[in-house]
Amino acid sequence: MKIAIIGKGNVGTALQNGLSRGGHETRFGHRDPNESVVDAAKWGEVIILAVPHDAADDARGNIKAYADGKTVIDVMNAMDKNMELGISCTTSTAEETQKQLSKAHVVKAFNTVFAPNQSTAKVDGQQLTAFFAGDDAGAKQTVAQLTRDMGFDPVDCGPLKNARFLEAMGNMLINLAYKYGMGSGIGYKLVKA
Ligand SMILES: NC(=O)c1ccc[n+]([C@@H]2O[C@H](COP(=O)([O-])OP(=O)(O)OC[C@H]3O[C@@H](n4cnc5c(N)ncnc54)[C@H](OP(=O)(O)O)[C@@H]3O)[C@@H](O)[C@H]2O)c1
């Protein structure tokens, strides 16, 4: 698939590696006019939003005209400088994205995985889970397939409002790594009987 990645930081570049390895075509959009957000969003069949939460409104505004009917993957974790949730528990960045891009099919994904592990889908050789949530069945199928192509074990976490739980999980992971001393070589794996 043709996948536009908005944001070329830790997450954008890690996802680009993983998706390319999985056989997908990618194009970045960020604040560099040579790789504009608009050009990438126009081109992409799927658009990944991988910018800091405080840049979300700007990025959403720039992709809005090109997002109708497309799968938009929201990877953001809203966090304040004390590593607390940076958005109320009664919503999520993904639901805010859906509100602003009302005709897109927003799916929350990848936010529970640290960037270096997004490119490998593994920690210490162990396969990680890719939790995702969204309201559109077709968009969720697309995301499940993309994560599988990258090497993850995809797990459907239900409707988009469950992004609230996924964003809390993302925040917990960051706390475990940086507040409670475990470091970034950790990841979530759901085990099943
Ligand atoms: N780091 C992780 O392990 C991790 C894991 C899961 C989720 N997340 C979430 O993923 C998002 C990105 O994290 P990151 O670590 O990749 O951040 P980062 O390394 O700071 O990269 C952010 C990228 O977004 C670009 N950007 C900033 N404002 C923009 C705008 N208005 N329009 C377009 N591009 C803009 C940045 O600058 P330039 O435009 O100058 O290139 C940069 O390329 C965050 O919401 C974070 O919470 C991070």
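Tabulated data for the structure shown
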| item | result |
| --- | --- |
| Whichever aspartates and glutamates have a C-alpha closer than 16 Å to that of LYS161, once near sequence neighbours (fewer than 8 apart) are set aside | ASP74, GLU95, GLU96, ASP135, ASP136 |
| Dipole of the chain, positive direction: furthest Cα of ALA115, THR147, GLY170, with charges on the beta-carbon | THR147 |
| Of LYS122/LYS189; LYS81/LYS179; LYS8/LYS189; LYS64/LYS99; LYS2/LYS70, pairs whose Cα-Cα distance is over 18 Å | LYS8/LYS189 |
| Potential lengthening between LYS189 and GLN141 on full extension [0.36 nm per residue; Cα-Cα distance subtracted] | 15.3 nm |
| Fraction of antiparallel bridges per DSSP, the chain only, in percent to nearest 5 | 20 |
| Simple Cβ-charge dipole of segment 2-178, Lys/Arg +1 and Asp/Glu -1, about Cα centre, in debye nearest 20 | 220 |
| Anisotropy class of segment 62-169 from Cα gyration tensor, a/c 1.5 cut | oblate |
| Separation between Cα centres of segment 13-34 and segment 60-95, rounded to whole Å | 19 |
| Shape category assigned to the chain from the gyration tensor of Cα positions, a/c cut at 1.5 | rounded |
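Every number in this text was worked out from the coordinates using simple rules, so none of it is lab data. The shown structure was predicted, so the numbers you read here are calculated from the model rather than taken from an experiment. Here Cβ is always computed from backbone atoms with ideal geometry, including for glycine, and neighbour counts include all displayed protein chains.
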